[in-house]
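The values are calculated or read from the model by the stated rules, or taken from the named source; none is laboratory data. Please read all numbers here as calculations on a predicted model, not as lab measurements. Note: ideal-geometry Cβ built from the backbone for every residue, glycine included; neighbour counts use all protein chains shown. With ligands, DNA and RNA removed, areas are computed over all heavy atoms of the protein, side chains included. Shrake-Rupley method; radii C 1.70, N 1.55, O 1.52, S 1.80 Å.
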Amino acid sequence: MATKKREALSGDAKSKGKTGGQPLKKQPSSSSTKYASTTKKKAAEEMVDIRSKVFWCLAVGILSIVISLAHKSHVFALFEGDKHFSHLSNLEREMAFRTEMGLYYSYFKTIIHAPSFLEGMHEITQDNVTEYPDTINTLKRFNLYPEVILGAAYRFYIDMADRNDWRVKICYQVNRGEGKSPVPSCEGLGEPTYFYVTAVMFLNGFMMGAYFLFGTFLSGSMFGGLLTVLCYFFNHGECTRVMWTPPLRESFAFPMLVVQMLYLSYMLKKRTPTFKDSICLALLIVGFMLPWQFAQFALMTQLVAVLGCFVLGYINFLRMKLILIGHSMGLFISFLMLFGNEMLLSSFYASCILSVYLILLFDGVLRHKLTYKPVVLLVQGVILLIGMVSLKVLIGRVLRVEDDAHIGEILKSKFGDFKSFDTLLYTCAKEFDFLEYETYGKLCLTGLIPSMLLAVFLVVFTLLRREITNYRSGKREGVICYPQGEGMDDEKEHAEVLYNVFQLCAFVIMAVIIMRLKLFATPQLCLVTSLLASPKFLGVYLPEINYQRGLIVLLIGLMAIQGNLNLRQQMNIKGEYSNYPMEDLIEWIIQATPENAVFGGPMPTMANIKLSTLRPIINHPHYEDAGIRERTKKIYTMTSRKSKKELYDVCKELQVEYIVYEGGWCLRSGAKNGCTMPEIWDVEDPANAGKTPLCLVLTRDPTPYFEQVYKNEKFDVFKVL
């Protein structure tokens, strides 16, 4: 025991002796020094990485704002240059909103001029002026939520201006010449037409900023976002018509579609989406569906494109389910907010949602029973096709909805020899014809189509090469493997890219069949072209980043040659809207007819009469309702070869008091073969083919059933006796 104690004391003494009587301090080892320096270096690198990400986000955000403001200014300048809008009177501005535009704007006017906002809402939801004598809910029928929101915003703005004594508009006299008296004209947000148009232009400016963010997200490079924006500007006339027709539904809805597609692409790329993402997706779908009745068709193609990613293994069951839930909630909320619009439930979109649910329900069974993957894909495709058509027909019959029956007839007429009065009214219009060859040439001259084809080729080639490599080697290259507990099956990379390629294919098919729908296809071409700036596709074959960027700069330079010419042509469009015959007609109606006088006539003219005179009308340009199609067909008896007595009977049945005939409407010069109104009627009424058109008979001798009460160089008005 004593020995052990002495040894301990001896050890303590030695230790104290070495440190000068002080306790021994532990010296840091070389390994701990290296660890500390590595930690500091790593922290410094993380700080630099965070700063670079913040700087990158700020740069992207600032660029998107600048691009948004630039596009807003561009479209507003084009709109002003085309119509000289700032120098028009209030009546002339309203007349400039032709066809459906005038109809939609009239409800904004109703809301802002009502004694209160709630009374304005009551007027548009209990409307007996648009389809006299019937009372209809126009908010349900015409997707008027943009007008409701803008009407509320305008009333709030004017109220604030009155309280704070703001100067919200500047007024002056415009001398028109040509024997016309001067007219007052006002500029500024206090002017209803200016407020309305400015809101539309700001929204579409925001859309351009969203496209920049979309292109940047999809390609992973700001060069991709800039390439998307420049392609859009270089092909501006083929991408949008907001600068010519601001009040159309697409002007409000399409920006919402861009944001919704961007969020969907984010959902496809996000590692673990949740139910919150489904809710956000649903709200964006509602924002797209409420302003536009056509939204259901675009969303149907979107769901099919996402399903394509699912069946190919690029997204798993849970991700597909969350996206489908988002679409289902979006449809249901839209149905409720549109006061139970039956067209939504009987649409191809609704039947597509149900069909996809069926595919997900039997997905596990199919993959277990059918081990050969192409057979699984074929069976799922058959389920989708048969399910969509059969469910659409079944739901339509149960709900007795025939409002969208004309869509199937239009497709039958395009791919067969089917003809009817309604289909000819559509297909004789240039906008509903097949995509003209001139468009392909324009898009090739700017390099958009070749660039898009190169981008799609790179995507398809890269993904196919990876599939072949995985098949041969048995490896799982490019497959995202989730750890246990996340509830996610494995899936392949680049689902967001593949979805946008599939969406492009769907939009192009739509545009080829109906030229008007190129407004979906051309912007998507611009978006997919952004993939040329992606390091994951072109970057694989050009490892040096400077080479890839140099190629993008060269491509933009080549595009700019024709693109600048296109922009100059747009900016050189200078005009001044005037329609004195229409103006004289409207002034005569206001002065010479009772406020409750009922009018019928050409659909575009009826919209202007309803907007500027507030007289009841029996037909209008919104042709998506079966009832209004039947009304329009009856009043268009004026352009048939039937007798005056038959037209008189129609007018009495519809309670029409005045019929408006627009010169040239009956026998339009330059119309396609078989597309004048009497020729269209010959298909519907072959028994009277060869007789003199009734419109010509009326202008010569309207008696004994009608009396001509007004005439100018363009319009004739007949009173029903």
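Observations on the structure shown:
- When residue 508 is tested against (1) within 24 Å of residue 269 (Cβ to Cβ); (2) open to solvent by less than 20 Å² (accessible area, probe 1.4 Å); (3) β-branched (Val, Ile, Thr), exactly one condition is not met: (2).
- Test: residue in segment 71-86 that is of a type in the set (Phe, Trp, Tyr) and at pLDDT below 90: no
- Any hit, segment 629-640, residues being of a type in the set (Phe, Trp, Tyr), open to solvent by less than 20 Å² (accessible area, probe 1.4 Å), farther than 18 Å from residue 721 by Cα and out of contact with any Asp or Glu (no Cβ under 6 Å at 6 or more places or on another chain): yes
- Residue in segment 160-176 that is open to solvent by less than 40 Å² (accessible area, probe 1.4 Å), touching a residue at least 24 places away in the same chain (Cβ under 8 Å), more than 30 Å from residue 452 (Cα to Cα) and out of contact with any Asp or Glu (no Cβ under 7 Å at 6 or more places or on another chain) present: yes
- Residue count, segment 367-377 (criterion: surrounded by 12 or more Cβ atoms within 10 Å (Cβ to Cβ) and modelled with pLDDT of 80 or more): 3
- Among the residues of segment 534-591, the ones that are within 30 Å of residue 710 (Cα to Cα) and of a type outside the set (Phe, Trp, Tyr) come to 14 in all.
- Sub-9 Å Cβ pairs linking a first residue in segment 47-61 that is within 12 Å of residue 222 (Cα to Cα) to a second residue that is among the hydroxyl-bearing types (Ser, Thr, Tyr), at least 6 apart or interchain, are 60/216, ordered by first then second residue.
This table checks each residue for (1) more than 21 Å from residue 495 (Cβ to Cβ); (2) among the small types (Gly, Ala, Ser); (3) free of Cβ contacts under 8 Å to residues at least 40 places away in the same chain.
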| residue | (1), (2), (3) |
| --- | --- |
| 275 | no, no, no |
| 287 | yes, yes, yes |
| 292 | yes, no, no |
| 296 | yes, no, no |
| 299 | no, no, no |
| 307 | no, no, no |
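- Scope segment 384-417; condition in a helix (DSSP H, G or I) and open to solvent by 80 Å² or more (accessible area, probe 1.4 Å); matching residues: 385, 386, 394, 397, 398, 412, 415
- Residues within segment 443-476 that are at pLDDT below 90, at negative phi and either of a type in the set (Gly, Ala, Ser) or open to solvent by less than 90 Å² (accessible area, probe 1.4 Å) (or both), tallied: 6
- From the list 147, 187, the one residue that fits, being in contact with a helix residue (DSSP H, G or I) (Cβ under 8 Å, 6 or more places away or on another chain), open to solvent by 40 Å² or more (accessible area, probe 1.4 Å) and of a type in the set (Asp, Glu), is 187.
- In segment 111-125, the residues that are among the aromatic types (Phe, Trp, Tyr) form Cβ pairs under 8 Å with partners that are modelled with pLDDT of 95 or more, at six or more places apart or across chains, as follows: 117/111; 117/151; 117/152; 117/155.
- For segment 423-441, the set of residues classified as of a type in the set (Phe, Trp, Tyr) and surrounded by 15 or more Cβ atoms within 10 Å (Cβ to Cβ) consists of 426, 432, listed by residue number.
- Breaking point among (1) open to solvent by 60 Å² or more (accessible area, probe 1.4 Å); (2) assigned to a helix (DSSP H, G or I); (3) free of Cβ contacts under 8 Å to residues at least 12 places away in the same chain, for residue 181: (2)
- Test for residue 572: is it under 32 Å from the mean Cα position of the chain (by Cα), under 25 Å from residue 713 (Cα atoms) and surrounded by fewer than 20 Cβ atoms within 10 Å (Cβ to Cβ): no
- Members of segment 547-567 that are closer than 13 Å to residue 221 by Cα and either hydrophobic (A, V, I, L, M, F, W, C) or free of Cβ contacts under 8 Å to residues at least 12 places away in the same chain (or both): 552
- Being over 30 Å from residue 625 (Cα atoms) and either surrounded by 12 or more Cβ atoms within 10 Å (Cβ to Cβ) or among the small types (Gly, Ala, Ser) (or both) is not true of residue 420.
- Segment 568-608, residues that are touching a Lys or Arg at 6+ places or on another chain (Cβ under 6 Å) and either free of Cβ contacts under 8 Å to residues at least 60 places away in the same chain or part of a loop (DSSP other than H, G, I, E, B) (or both): 577, 597
- Residue that is in contact with a Leu (Cβ under 8 Å, 6 or more places away or on another chain), crowded, with 18+ Cβ neighbours inside 10 Å and over 30 Å from residue 301 (Cα atoms), where the choices are 551, 555, 527: 555
- For residue 449, the requirement of being more than 18 Å from residue 531 (Cα to Cα) and not small (Gly, Ala, Ser) is not met.
- Residues of segment 700-721 satisfying the condition of being touching a Cys at 6+ places or on another chain (Cβ under 9 Å) and among the β-branched types (Val, Ile, Thr): 720
- Of all residues in segment 665-709, those satisfying the criterion of being of a type in the set (Gly, Ala, Ser) and either loosely packed, with under 12 Cβ neighbours inside 10 Å or in a helix (DSSP H, G or I) (or both) are 669, 670, 687, 690.
- Condition met for residue 625 (more than 30 Å from residue 342 (Cβ to Cβ) and of a type outside the set (A, V, I, L, M, F, W, C)): no
- Qualifying residues in segment 221-242 (those that are more than 16 Å from residue 538 (Cβ to Cβ) and part of a loop (DSSP other than H, G, I, E, B)) - the one most open to solvent (accessible area, probe 1.4 Å): 241
- Members of segment 648-679 found to be touching a helix residue (DSSP H, G or I) at 6+ places or on another chain (Cβ under 8 Å), in contact (Cβ under 8 Å) with a residue 40 or more places away in the chain and either within 18 Å of residue 690 (Cα to Cα) or of a type in the set (Lys, Arg) (or both), listed by number: 674, 675, 677
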